[in-house]
Every structure is written in C-alpha cells, then in structure tokens.
C-alpha cells in the first residue's frame, strides 16, 4: 500500500502544478475573451469610448506596424479624442487571407498580394472595387525583387542572364506554396519576355533553365532566406527588396544587394474587410487607419522599414537606400492583372508545373 | 568479459544515436539562442507577447492533459478488459489523430466551426467563437494528442492480462476499486509516460494550432506560434531563445518525473 | 455505479464491471473530438465529382509525393524501431553514467516546435553544419535530399518506440532472463526467445505510430527537404500548395487519401498486435 500512497503524493504534485499553470494562464484566459468582446461591444463607437480593431498582415511587416500603430493612435486621439487598440496578426500572406475567410474577424487586412485580398472579395467579405478605395491601387508602399548575393559577389551575378548559367545555384521559394514567391517568377518572366521579344516558348525555356539551377525550393520566403543566409546554400537568393535589406541588416558584412536591370513592382495590398468592420462598427476608424498610411509621416516610416513609399517625393528622400533607376513592369499592364497571371502561371498544370515536368 | 563488451557496445550505440539525433539538435537551439548574448536572450523571453503566449500554452497544455488522461484510462479499460465486436476498429479510430497531418487536423476544425463550416450559423446565433479563439486552440491540441495516454496503457494492460481483475471482481470488488487497487499499481509507470508524452507534445504542438489560431498577438498566440512569427520576422535569435523556454519547461517536467520515479522505486524496496 | 450486466456474463472476459460506463465515455469523447470533425472532410468533398477527385489524387506530381513520403517514413520507422528497442533495453537493464539524463531526453522532440526542430536539423546536417560537414567530405549530402527527410522523421519519431517498449520491459522480470542464463542459454538466444516475444506487440505499436506520424509530419520536414517537385516534395506540402490556391476541394481530397491510408495501416498493425498477444498468452 505504501507505494500507492506515495503515488498519491505524485498526483497531488501534478495537480498542484496544473493549478499553478492554470492560475498563471488565468490572466491570459481572462484577457482573450474580454479582448475579443471589446470588438463587439465597441459597435456603438462613440468618440469617448475606446475602439479596438485588428489588422491581419503578413510576415515581415511587424516592425513597420508596431511603429505605425503608435503613430496612428496618437493621430486618432488628437483628431477624435478616442483611444484605439490595435491587435496585430502576422503569418504567410495566403494563410492569413485564408484565416480571415474562415472566420478570423479582421477589420483590416494588409497582405502581400492583391490576389489574396481579392479572395476575400470572392468570399463576400470585401465589397467590389476595393482596389480603388485607396490611392495607387490600394498599395501605400511597394517593393521589388532583387538578388541577394554573398559579399564581393564571387560569381559576378549582375542580371537575370547570369542566373541561368551552368554552375550557378539559385535559392527561391516555391511559388505554389508561397504567394510572395510568385513575384520572383513573374520578374524573371518579364525579363525573358523583353529579351526574346514576346516569344513565350523561349520565355518558358528561360524559366526552365533558371529553375533547373534552383537547388532548394523552400515553402516560404523566410525559409529560403534561412537556407541562403544561415545554412550557406546557393550563390544567390531571389528576395523582396525589403526582406533583402532585413537580412543585410542582420549580417552587415556578409551580403550584397544587386538590383537587376529589370524587375517587377511588387504591390502589397491593403483593404478594409467591410463585413467585419460593419459587424464591429469600426468602419470609420478602419478606413482612417489605412488612409493614414499615405500621410507623409507614415510614408517616411515605411521608407525607414525598407518599403518603397508610394509618394514619389518621399521616395526620392530615400534615394540613398533604394536604386531608383531600376526598370519595373507591373502586374496590371504587363500581365493583365493578378487573376489572369495566377491562372496562366501557377494554377495546377499551368506553366510553373510544366517547367518541372520531365 | 564478453557480457561487459556487449553491454558497452550497446550503450555506446544507443548513446551515439541519442547524441547525434537529439542532443546536437538541442545544442544547436541553445547556440542560436545565445549567439547575440544574454541581453537579447532575456529581452526576447521577457517580451510582453512572449509571456502571454507562455500563459496560453500552459493553459492549453493543462486542459489537454486532464482531458486526455481521463479519456486514455477509460479507453484503455474498455479495450483491454472487455471483448466486443469492432474492437480493432475502435482502437484504430483512437489512433487516427497520430497519423493525420497536423495541417489537416487544424483544417477539420475550420471545416466545422469556421465561416465556411457547417456549425458556423449555430455558433453565430449563440454568439460563440471557437476557431480563431482560445477554445479552438484547446480543441486542436486535444485532437493532436488524443491517443497519447491510451496508447501507452493499452499494450501494457494487454500484456498484463485480466486474471487479477477477474479474481477481484469475483470476490465482489466494485469497478473503481478494482481499478485503483489492482490495475493502477501495474500501469502507473505507463500512465506517467503517457501523461508526460502528452504534456510534451501539447507544449510543442504547432501545425494544427497554427491553422485555427489566427495568430492574434497577445490573444491567440501560443508559444510555438510566437516562435514561428519571430522566425518569419527575421528574428532568428529571438525565435530560438523562446524555443529554449519550451525545452526548459520540458526538461523541468522530465526531471520532476525522474525524481518521483526514483523515490517511489526506493520506497518500494 | 458499475452494475454487472447479465448480457455480459456470456463471455468469461466480461466479469469485470464498468463496460457500459467506460465504453460510453470512450465513444462519446472519440466522436466529439475526432470523428465528427473528421466527417467534415467528407462533407466538404460532397460537392466534388468522383472524376475530379480521382484526377487530383492520381496527378503525377502528387503520386511522386506519396512515394517520397511513404518510403522515407518507412525507413525512419524501421530505424526508430531498431534503436527504440536498443534504447529501451539499455535504459531499463543497465546502469551507466548519464542514464537518467538520456532517459529524460527521450520526449524532447515533442516539446520542440516542429519548425525549430526542422531549422536546427537543417543547420546541423547542411554541408556547412557540424555533422553535415563530415558527410560532405565523403560526398554525401544530407540536408535538402531525401536523406534529410529521413533524418527529420527519425527525430520526430524517437519517443514512440522507446516509450512503448519501456513499460513492458520494466514489468518483465529480469529473473526469467537470469534463469535462462543459468540454464545455459546464450544471451542472444535469451533475447530472441524470452524478451523479444514479450516486447513485440509494443514494438509494433511504436513502429506503427512512428510510421503514421512521419507520413503526416510537415513542420520540420519542409525545412530540410529541399521541396523539389518529383524529388523531395512530401504529401503534406502538396496539401499546403492546394490550400495556398484556395482550393479546398483538392486539399481535402488528398487529405482523405492520407486519412484512409493511415487508417488501413494502423488497423493492420492493431490486428497483428492482437493476434500476437493471443499467441503469446496461449
């Protein structure tokens, strides 16, 4: 019987532990329902009552929005005398869009791709014509695709042509699993298209030899960066400009950024999720939140976080950081819009699948 | 002599395997966590959102372990003490969560409780939120670790046979006292292993939870999700620092288990 | 509270009380947490025609991922079974320095978020890493190849076999082994004749669980896999790809294949295990 007794002690210990865990997390547990109910209770948003909105965004925007939220909170309190609480959510762009579609009640979304936001329109959460709700196709800041190479550029990679040479190892994420990586593919395609004068068969050959040089096709942009930066794989990483700057910031002596002769204008899109904002009664503040991204202060903040401000005057202020002479195609004029491009290149059995077919 | 050599070889083999497959990866985590010094390390683990994520993880783990332990004991009892038709099917159904990709495990809850799910109108009417809130996270974690306790108990209880329980029952003992006095002393180690496996797995569960969480900072972020977010934000060092908390909690639990195990075994002698 | 049911007296096993209660709780919880949510996979698929379903699951690239996932998981599970027996044996039968520490480490793969595990393993086994460097010298690449996938799967499967066997070995009285030894049986003979039959069911359980878990594993494998179509893509990644295109029907189709496969696999193992148990107990 003795050992049973001592096992009881164990049980008591376990229960005690569980209780501690429970109490500890009690605070968290209490917070979450309360906080989420703020959303609904704020429906009658009078100017005195604080209001809460949530911004579902994609991966590397955390620092930007952490700073921007403070800026906006000050602005809003000064304008309306109302406090605003902002909850951030970050993750892969497509995954984040899906979570909103599946019931994550974001008031605003700030995602990497127009296509991801448009899925929310198709799902009935965002009204038609959202692209024109804010200036510049609802893209307050932009980016582009650049090459990140090792210090000194040992393989002397200057432009897209150099990437298809034998012996060059390229790292880029899989455009099928990473929405952001689709810009990489499209930038390369645009270059080939210009070079071969619109001969699509040759474009496809070019992309085929490019992807034949890809040694690791990570599932996401961040994974690809780790592969290149931490694990030393490959000679060149195709990356968003802002992410390339972040890598360089972390390892200032190890990498260089090369801008190719031609690239693509990557436009992260922002939108108010109309259905949710209506439900929470946060339409006004949500709209103002996104509008304020175009203010001079916010534009400078975006520039400091390595996004290209959409306001051309402020972009010029960052002439030292960004290469402003790069030729850029854009998705609407050169690819006939996001939806068409997605269908032509990335749908099952489309061009991207074909270049991997044996 | 020969016996000693065999023993040595076996220990060496097993030890090498564990070092290469387990110790070195863990060492990598610590090396990364500390590579920018203590300051970065302590800053990342005392971050407001990291602490909130830790609380949520502990809460989730606590509930999960209790639910799965209760289930595990009843399930093992049902399966090993009685004969009935469909036993293999039942056993297999219990195992199913093991083999389901965590991605799918999360997705099924979305397909039930999400905006596209069939139970959504009902939840809307009752003003309840399950996915993208704490209940969804708890549910997904329970799902993923569902078979852990029962799976540890079943093989042992089968190997044990039912003779002692039957004897006790014939002598008129009630169900619960049979369990407590006859079965429990035999299975307590397996039960403990099961509980610990379940705890460890719930602490670290990422895939399924990530699908149902919505990643709301300070609200629905568990510690593993917080790690992923840090990683995706190009803060590799902080990500590894926070993971080392998880390793630390796991190590503490394992040490506790060892102490308890040791003490009981000594008392028994 | 635990009435003896007349019906249950028919068979000798059912002398033990509590059938209704424990069965009731088991089935209720199983249904609420596992079965009902899983059924929504079928519900989602009800809008898909069989032809579409078949086209998605037999797509060339998808089939290639089954091959990668299954073969890697099988190898990893075998390695885990062999080393699992070995580890359980030395942890229960021998005293040596650091035994407790090693014993305590077994569950750690679970506590580490899979992404972290994936990143550390990739770093460790890439041609610049501590271990990968050694293999690189003899021309073997581990990270970003199928070998890397197997390594990640071994890592996540370690606890299953060890922890299934350990309790059985602990209950198994070493006196039998000693008796056999005194009677002149050789060590290996003792192991295969006395110990092995006892731990076989538990080994099978552990093997099956590790195998099943490895097939489904996503988080850690994607980092080390390289993810090149037809070569190092695993099935869960294809599911993610379909979701990334907002194609729920295709994603759930492949998910269904995986669920059915897992069920068949585990069912087979459970059947085998029950049979062995019967033989073992005469």
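What follows draws every value from the coordinates through simple rules; no lab data is involved. Please read these numbers as outputs of a predicted model, since none were measured by experiment. No Cβ is skipped: glycine too gets one built from the backbone with ideal geometry, and neighbour counts run over all protein chains shown.
Say we join alpha carbon atoms closer than 10 Å with springs in a Gaussian network model of chain C; which of C:151, C:142, C:36 then has the biggest fluctuation?
Comparing C:151, C:142, C:36 in the GNM, the peak value goes to C:36.
Mind giving me the nanometre distance, one decimal, between the label points for residue B:83 and residue A:212, set 7 Å out from Cα along Cα→Cβ?
6.6 nm
Determine, at each q value in 0.12, 0.17 (inverse angstroms), the log₁₀ of I(q)/I(0) that the Debye formula gives when each Cα of the stretch C:59-208 is one equal point scatterer.
Each listed q corresponds, in turn, to -0.65, -1.04.
Hey, what angle do you get for helix A:62-80 against the long axis of chain A, alpha-carbon based, 0 to 90 degrees rounded to 10?
Relative to chain A, helix A:62-80 is tipped by roughly 60 degrees.
Explain nothing, just the number: relative contact order of chain B, from Cα pairs under 8 Å at least 6 residues apart, as a whole percent. Before the final figure, lay out the partial values.
On the way: 278 pairs, mean separation 84.3, N = 269.
Dividing the mean separation by the residue count of chain B yields 31 percent.
I'd like the Kirkwood hydrodynamic radius of the protein assembly as shown, using the inverse of the mean 1/r over distinct C-alpha pairs, in Å. Could the numbers behind the result be given before it?
Values: mean 1/r = 0.0345 Å⁻¹.
After inverting the mean inverse Cα-Cα distance, the result is 29.0 Å.
In a Gaussian network model over chain B where Cα atoms closer than 10 Å are linked, find which of B:78, B:145, B:16 has the largest mean-square fluctuation.
In this elastic network of chain B, the residue with the biggest mean-square fluctuation among B:78, B:145, B:16 is B:16.
Under 8 Å for C-alpha pairs, at least 6 residues apart: give me the relative contact order for the stretch B:46-173, rounded to a whole percent.
40 percent
Quick check: the distance between the Cα centres of the stretch A:58-129 and the stretch B:12-49, to the nearest angstrom?
Measuring centre to centre over Cα atoms gives 34 Å.
Does anything in the stretch A:236-275 have its amide N under 16 Å from the 7 Å Cα→Cβ label point of residue B:40, and if so which residues?
Flagged as within label range: A:246-255.
Give the dimensionless ratio obtained when the Cα radius of gyration of chain B is divided by 2.2 N^0.38 Å.
1.20
Tell me the Rg and the Dmax, in Å, that the Cα atoms of chain A produce.
Computed over the Cα atoms of chain A, radius of gyration and Dmax are 23.7, 88 Å.
Extension gain residue A:136-residue A:85, at 0.36 nm per residue separation less the Cα-Cα distance, in nm? List each step's numbers first, then the result.
On the way: separation 51, 0.36 × 51 = 18.36 nm, distance 2.72 nm.
Contour length minus Cα-Cα distance gives 15.6 nm.
Report the calculated FRET efficiency for residue C:60 and residue B:170 (r = Cβ-Cβ distance, R0 = 56 Å), to the nearest 0.05. It would help to have the intermediate numbers written out before the result.
Details: r = 63 Å, r/R0 = 1.12.
My answer for the efficiency is 0.35.
Using Cβ counts within 10 Å as a stand-in for footprinting exposure, how do C:156, C:276 rank, fewest first?
On the way: C:156 25, C:276 16.
With the fewest neighbours first, C:156, C:276 line up as C:276, C:156.
Using a Gaussian network model of chain B whose springs link C-alpha atoms within less than 10 Å, name the residue from B:211, B:65, B:51 with the highest mean-square fluctuation.
Comparing B:211, B:65, B:51 in a Gaussian network model of chain B, the most mobile one is B:51.
Rule-of-thumb check for the stretch A:225-296: C-alpha Rg over 2.2 N^0.38 Å?
Working: Rg = 18.7 Å, N = 72, 2.2 N^0.38 = 11.2 Å.
Against the compact-globule rule of thumb, the ratio is 1.67.
Sorted from fewest to most neighbouring beta carbons within 10 Å, what does the list B:189, B:77 look like?
By the 10 Å Cβ count, ascending, the order reads B:189, B:77.
Contact order normalised by length for chain C, with contacts defined as Cα pairs under 8 Å and 6 or more residues apart; what percent is it?
About 26 percent, as a whole number.
Any idea what angle helix A:2-41 forms with the longest principal axis of chain A, computed on alpha-carbon atoms, 0 to 90 degrees, nearest 10?
70 degrees
Return the whole-Å distance between the Cα centroid of the stretch A:150-220 and the Cα centroid of the stretch B:149-186.
Cα centroid of the stretch A:150-220 versus Cα centroid of the stretch B:149-186: 64 Å apart.
Computed FRET efficiency, Cβ-Cβ of residue A:200 and residue C:247, R0 25 Å: what is it to the nearest 0.05? Walk me through the numbers before you get to the answer.
Values: r = 25 Å, r/R0 = 1.01.
Step by step, r from the Cβ atoms, then E = 0.50.
Quick one: B:64, B:199, C:58, fewest Cβ neighbours within 10 Å first, how do they rank?
Placing the least packed residue first, the sequence is C:58, B:64, B:199.
Kindly state, to the nearest 0.05, the FRET efficiency for residue C:231 paired with residue A:253, given R0 = 35 Å and r defined as their beta-carbon distance.
So, using R0 = 35 Å, E works out to roughly 0.50.
Based on DSSP H runs of at least 4 residues, each adding -39500 (n - 2.57), what is the mean residue ellipticity at 222 nm of chain A after dividing by all its residues, to the nearest 500 deg cm²/dmol? Write down the numbers at each step before the final one.
Values: 17 runs with 178 residues, N = 358.
After summing the helix terms and dividing by residue count, I get -15000 deg cm²/dmol.
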